[in-house]
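The structure appears right after this line, and notes come after that.
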Amino acid sequence: MKARVLVADDDAGVRYTLRGLLEDDGLTVEEAVDGEAALARLDSEPPVDLVLSDLRMPRVDGMELLRRVAARPHAPRVILITAHGSERHAVEAMKLGALDYFRKPFDVDDVLAVVRRALGMVRLEAENERLSGEVNLLRSLVFVSPSMARLALLIQRVGPRDVTVLITGESGTGKERVAEALVRASPRADKPYVRFNCAALTPELAEAELFGHSRGAFTGAVRARPGLFREASGGTLLLDEVGELALPLQAKLLRVLQEGEVRPVGEDRSFPVDVRVLAATHRDLPQRVAEGRFREDLYYRLKVVTLLVPPLRSRPEDIAALARHFLARHTERFHMPPVSLTPALLERLTAHAWPGNVRELENALESAVVLSADGTLDLELLPGGASAPTSPQVPSSTGATLREKLDAHERELILAALAASKGQRTEAAKALGIGRATLHDKLRKHGLLSEGEEPEH
């Protein structure tokens, strides 16, 4: 893809000359009549790789343009065009972050040399950023797919920026691992990193856990606690499953994010906190906002930056890399002979939809490693195998109603999740994105409960 260069100069003749020169060198060139027009162009797509700006322009001159561009995240690099005798300004511009400069009247070879050198540096910086992002994320997640490489690049870019990040994606995709990568890329990496599962406690206990409480604030509060926000002060707090947070707590969380202070339960004073908040959820928060189950103002406060972790089915090229990683991990863990990823095994793995994503894949391989003998993986132990829980036959299209088809598909997903979690219903419910009680109701609906088993509430 051609590099894109923006030429900002109030002299139409200079713009015309530079455009022809750079286009002949294989670049895509756009023009701006002054610094203000250049800034407006930089606010739009597609992104610009390099800016060539005259030093003296009306409204916004080259030096001011350089200052404003340098303050932007992921800004293009700037080359200044100076008049003869403006060396002092050129030195000042380099201190402000200009990549290079050349003088007017300019020599064609000099201009091309400066631009080519600058674009080489831009490409090198972009490659270093990409590789740094991938190395960072690979410390938490295994991947080879372009979609995950793109996520790694975004993590590398947003990690150093002290902003709130909302991490979304289906259950089992690795949202907590993405949060860890963000922390490693942050200036707060050596400060406290605290995690809190918003679905783990009742609203009352969650409030005390997050914001702290005074001694005697409620029954059982035998001593005061600072709360997780204050424990994480100076560092990072991950709010996992933030979509499950009760509405009254959402209001209190919003106040903390807006004002940077917490008021513990039972206290009449507030305490300042300096915390970077990361939030993760598998829920569709806009839908929950529409249903009145999540505050719209909190949603926008959390989604300053949103990172979507793609599901495993959308990146099948990652399955082989993940499988090798999990097989090596679990054969070593259980002191078993190494298991190779054969074509037959890979075919079985890639044929499955993996509704529980990476978590389901790991659980399935762990189970298969434990139950297999002689260092040979029994393919029938994997989802879809004869030894796995059998799935119902979906009624034919000629005689089945839509409800029957949906029920059959739901039953199949539940059985697959239970197989992957080795019968652990809490894990199966998480993989399916539902509560344990809801899973229990569906097990009863599909006749999958043991005889005499009582319903959960």
Review point. Residue by residue, what Karplus-based ³J(HN,Hα) values in Hz, rounded to whole numbers, does segment 347-363 have, using 6.51, -1.76 and 1.60 with θ = phi - 60° and x for Gly and Pro?
Key: 5, 5, 5, 6, 7, 8, 7, 6, x, x, 6, 4, 4, 5, 4, 5, 4
Exercise for review: Please give the length that would be gained between R293 and R215 if that part of the chain were fully extended, namely 0.36 nm times their separation in residues minus their C-alpha to C-alpha distance (nm, one decimal).
Suggested key: 24.9 nm
Check your understanding: Between S340 and E410, what FRET efficiency follows from the Cβ-Cβ distance if R0 is 45 Å, with the result rounded to 0.05?
Key -> 0.80
Point to revise | For the chain: accessible area per residue (Å², 1.4 Å) | key: 50
Check your understanding: Between (1) 21.9, 71; (2) 28.8, 99; (3) 28.4, 93, which matches Rg and Dmax of the Cα atoms in Å calculated for the structure shown?
Key -> (3)
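R150 to E204: extension gain in nm, 0.36 nm per residue of separation minus the Cα-Cα distance? Write out the running numbers ahead of the final one.
On the way: separation 54, 0.36 × 54 = 19.44 nm, distance 3.96 nm.
Difference between extended and current length: 15.5 nm.
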Check your understanding: Which is the longest part of the chain that has none of the GluC sites (Glu not before Pro) sitting in a DSSP loop with at most 13 other Cβ atoms within 10 Å?
Key -> 1-290
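Divide by every residue of the chain the summed helix terms, -39500 (n - 2.57) for each DSSP H run of at least 4, and state the resulting mean residue ellipticity at 222 nm, rounded to the nearest 500 deg cm²/dmol.
Calculated at 222 nm, the ellipticity per residue is -14000 deg cm²/dmol.
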Practice item. Classify segment 41-191 as rounded, prolate or oblate from the Cα gyration tensor: take a ≥ b ≥ c as the square roots of its eigenvalues, call it rounded if a/c is under 1.5, otherwise prolate when a/b beats b/c and oblate if not. Key: prolate
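Report, in debye and to the nearest 20, how large the dipole of segment 156-261 comes out about its Cα centre when Lys and Arg carry +1 and Asp and Glu carry -1 on their Cβ.
Value, rounded to 20: 340 debye.
Which whole-number percent is the relative contact order of the chain (Cα, under 8 Å, 6+ apart)?
Relative contact order comes out at 11 percent.
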Check your understanding: Over what distance in Å are the Cα centres of segment 149-197 and segment 251-277 separated?
Key -> 22
**Study point:** For segment 1-146, size of Cβ-based charge dipole, Lys and Arg +1, Asp and Glu -1, in debye
**Key:** 440
Check your understanding: Over segment 24-66, what relative contact order in percent results from Cα pairs under 8 Å that are six or more residues apart?
Key -> 43
Study note, to complete from the structure: When the charge dipole of segment 278-345 is computed with +1 at the Cβ of Lys and Arg and -1 at the Cβ of Asp and Glu, the Cα pointing farthest to the positive end, of H282, A344, L327, is that of H282
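Using a simple charge model, +1 on the beta-carbon of Lys and Arg, -1 on the beta-carbon of Asp and Glu, nothing else, what dipole does the chain show about its Cα centre, in debye to the nearest 20?
Around 840 debye, computed over the chain.
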Exercise for review: Roll a 1.4 angstrom probe over the protein heavy atoms and tell me the percent of accessible area of the chain that is carbon or sulfur.
Suggested key: 51
Check your understanding: Zone of E64 (label point 7 Å along Cα→Cβ, backbone N under 20 Å): which residues in segment 14-52?
Key -> 32-44, 51-52
Exercise for review: With a cut-off of at most 14 other beta carbons within 10 Å, and DSSP calling the residue loop, which chymotrypsin sites (Phe, Trp or Tyr not before Pro) in segment 268-342 qualify? Please list them.
Suggested key: F334
Point to revise | Förster-model FRET efficiency, 45 Å R0, E127 and E332, C-beta, rounded to 0.05 | key: 0.85
Exercise for review: Would you mind checking which residues have amide H under 5 Å from E261's amide H? H placed 1.01 Å from N; only 5 or more apart, or other chain.
Suggested key: V273
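The values are calculated or read from the model by the stated rules, or taken from the named source; none is laboratory data. Computed from a prediction, not measured in an experiment: that's the story for all the values here. Positions of Cβ are generated from backbone atoms using ideal geometry, with glycine treated the same way; all protein chains shown enter the neighbour counts. The protein model used for the area step is the full one, side chains on, heavy atoms only, and it has no ligands, DNA or RNA in it. Shrake-Rupley method; radii C 1.70, N 1.55, O 1.52, S 1.80 Å.
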